[in-house]
Amino acid sequence: LTSTEIQFISIGILNTNIVAIQLSVKRARSTIATGSVETDTDDELETGTTGAVLTTTVKNYVREPVERIEKYILEYIHFCTQHVKKTAQTRIQLAKAQMAEFKALEDFEQIATPAQWNIHFILKPKVKIWSTKNKNYQLLSKRVQLDMPPKIIDKVDFSFKIDESIISQYEAQAMYNQMRQITKDFRTQAMTLYVQSAARENEILSNETNGIIERFPQENDDGFNAEPGYAAFKQYHELREKRMKLEIEQSLYFLFEQRVESETNNPEEEIIAPTLIPNIQLTEEEHQLLKWGPKFIFNDPKTAARRRLTELATLKRKIEKCFLRKKVSPGRPLQQFIVELDVLLQMLHNISTTSKNLNRNLDKSLVIGNKMNQNDIIELINSQASQSQVLNGVKVKKKKNYGRLVKRLKHKFKLANVILQKSDKSKVFHLGKVEDYCKKSKEYMEQTQAYKCLGKEDPLPGYIQKTNKYLLDLRLAKWITQKQYELLSTKPNEVELAHLYYLPKAHKPGTPLRPIISGLKHPTIKISKFLDDLLKPLFDKMAQETTVTLGFELVKKLKKWSILNMNGNTIFCTIDVVDLYTMIPQVEGVLSLKKMLDCLKLKKVDNLKIETIIRLSRFVMKNNYFSYDG
């Protein structure tokens, strides 16, 4: 939710609480005044009719705040879905207008004279061009009104970096203000000229179109009666204008919605990026790069080359695993596929793909791949890449050097002692001070009392040996098979200690931290995954009646449940467990697991004894080491 939406609901709930308090005070006063309820010295209510009166009063008192909350939530939903309703209504109106226009055209075609039909064919493309130009002019006029210049003007920015180590901060800020003013003046003048040119184009085409319509044949010619044809054309043209007007209204509405959304997301967006954190002055390019968030990936051939071999090897291993699961050998075709994919990826990362023809022709080549071999596709990519360098004699605009921008940002963050992290829910970048992270981490560990510091002592070497010895003992005691032992045991060169990091919960007051322990190469990670694959299907089966995974499923279940259980006193609530991971005691966690398996009355799970599962679970939970801040 945006801050505006949260404020909307918060005000509603606050008003509800205030009204509830006021009601309770008024009722208490009226009760005392009328003497309908009496209390003794121990504040116990007397029995009889007075008890019934109080019960009704309390029931109504509880219900009224709930109704008010429902009202505010319904108003909020209505407020948030207005644009959906508006869009649907406009689409229906547009569809009806198109149907009426098409029917009028068919009627006109039936009774039009040859001269009228020829004029219609001459007029049709002109009206289409005029419709586009008129819509552009209307949109530009609205953009001026809403202060939303198009991208071609908005992206123009006059700014350069000022070395604040030489020039004072106040002098530098004055220069930045001058840059803003120059850019603002340019945008104003450019927008004025743009609107004037669009208005002139619209005026010329409008006059030309109106002239043809005014001279439309109305008199009988060569034995044909032109009057019905003229009347039919007039009706058809009126319906066409109505349809074009609806299209313009729809575009203007989308423009307005776009402005509202941009205002919500960027309430005070400036040309030169504001200082987000003290001691960091970001340029517009740097600010824009951060605004794009973690999902933005720029093309970096060097990074791609480093990752390509690793990711292709992972892909090959996964495909082989799928084949072997079906007891089929992948053989030579898989190797050939990986080689061809490797060549294609190299070519795609090393060439410019600015030309739309490259993507279009590459898609065609993939569709008719059975007729083209690997060399043909590579030849196509090379030819299109050379063509994309020069398009119609105009040199392709040089791309931004995002790699340099990233390095510059890293350097600035390091100097300012700042941490850049992905936020917990909204998945945007969050900038925070290192001191704040350290302080909150210390508070979290002291509050949970679930962590013990080992100092600089590295438990990893002993941990690897301990894990392998434990698995070997289980193997010798025939608790696990040789194959399972080989699957779960670890090699010293493949493992590293898990590490702790935090994701900021930017959507919560005070920005608390969510701890994440990353242990993808942890010594016990193989055992964890093995147990998870065994137990998760069993748990999902047990909890399917009390677990909801999809919003649509929740609505269906609530509808079914409400038929019998919903009444005037029903109140919905959500429950959140604070620090869930550390709240589960290790001993009780293992006992709960055993209880679940006992309920299922299973002696073995996938040929593994229940006792073995419990032992492995206990080992994983009790050997939970990680590193943090060295």
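The values are calculated or read from the model by the stated rules, or taken from the named source; none is laboratory data. Every value quoted in this text rests on a predicted model; they were computed, and no experiment measured them. Neighbour counts are summed over all protein chains in view; Cβ atoms, including those assigned to glycine, are modelled from backbone coordinates with ideal geometry. Accessible surface is based on the protein model in full, side chains and every heavy atom, while ligands, DNA and RNA are left aside. Shrake-Rupley method; radii C 1.70, N 1.55, O 1.52, S 1.80 Å.
Worth a mention:
- In segment 317-343, residue least open to solvent (accessible area, probe 1.4 Å) [restricted to those that are part of a helix (DSSP H, G or I) and of a type in the set (D, E, K, R)]: D342
- Close Cβ contacts (under 8 Å, 6 or more residues apart or on different chains) running from residues in segment 103-130 that are more than 22 Å from N220 (Cβ to Cβ) and touching a residue at least 12 places away in the same chain (Cβ under 8 Å) to residues that are of a type in the set (V, I, T) and open to solvent by less than 70 Å² (accessible area, probe 1.4 Å) comprise K126/T209; K126/I212; V127/T209; W130/T209.
- Selected residue [touching a residue at least 40 places away in the same chain (Cβ under 8 Å), of a type in the set (F, W, Y) and out of contact with any helix residue (DSSP H, G or I) (no Cβ under 9 Å at 6 or more places or on another chain)] from F626, F552: F626
- Residue within segment 115-133 that is open to solvent by 40 Å² or more (accessible area, probe 1.4 Å) and on the phi > 0 side of the Ramachandran plot present: no
- Residues that are touching a residue at least 40 places away in the same chain (Cβ under 8 Å), under 39 Å from the mean Cα position of the chain (by Cα) and open to solvent by 20 Å² or more (accessible area, probe 1.4 Å) were ranked within segment 589-605; the one that is farthest from K452 (Cα to Cα) is M596.
- Of everything in segment 460-518 that is more than 30 Å from S441 (Cβ to Cβ), open to solvent by 40 Å² or more (accessible area, probe 1.4 Å) and among the hydroxyl-bearing types (S, T, Y), the residue that is nearest to the chain's Cα centre (by Cα) is Y485.
- Checking Q178 against (1) under 35 Å from the mean Cα position of the chain (by Cα); (2) more than 30 Å from F108 (Cβ to Cβ), the condition it does not meet: (1)
- Filtering segment 140-155 to residues that are open to solvent by less than 40 Å² (accessible area, probe 1.4 Å) and either outside any helix (DSSP H, G or I) or touching a residue at least 60 places away in the same chain (Cβ under 8 Å) (or both) leaves L146, M148, P149, P150.
- Annotation: of all residues in segment 412-446 being in contact (Cβ under 8 Å) with a residue 24 or more places away in the chain and of a type in the set (S, T, N, Q), the one that is surrounded by the fewest Cβ atoms within 10 Å (Cβ to Cβ) is S426.
- Checklist (1) surrounded by 14 or more Cβ atoms within 10 Å (Cβ to Cβ); (2) in a helix (DSSP H, G or I); (3) modelled with pLDDT under 80 applied to A273, failing item: (2)
Matching residues to (1) in a strand (DSSP E or B); (2) assigned by the TED database to the domain that holds T467; (3) in contact (Cβ under 8 Å) with a residue 12 or more places away in the chain:
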residue	(1), (2), (3)
Q484	no, yes, yes
H499	yes, yes, yes
I517	yes, yes, yes
H522	no, yes, yes
F530	no, yes, yes
K560	no, yes, no
T570	no, yes, no
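- Of the criteria (1) assigned to a helix (DSSP H, G or I); (2) open to solvent by 70 Å² or more (accessible area, probe 1.4 Å), which one L409 fails: (2)
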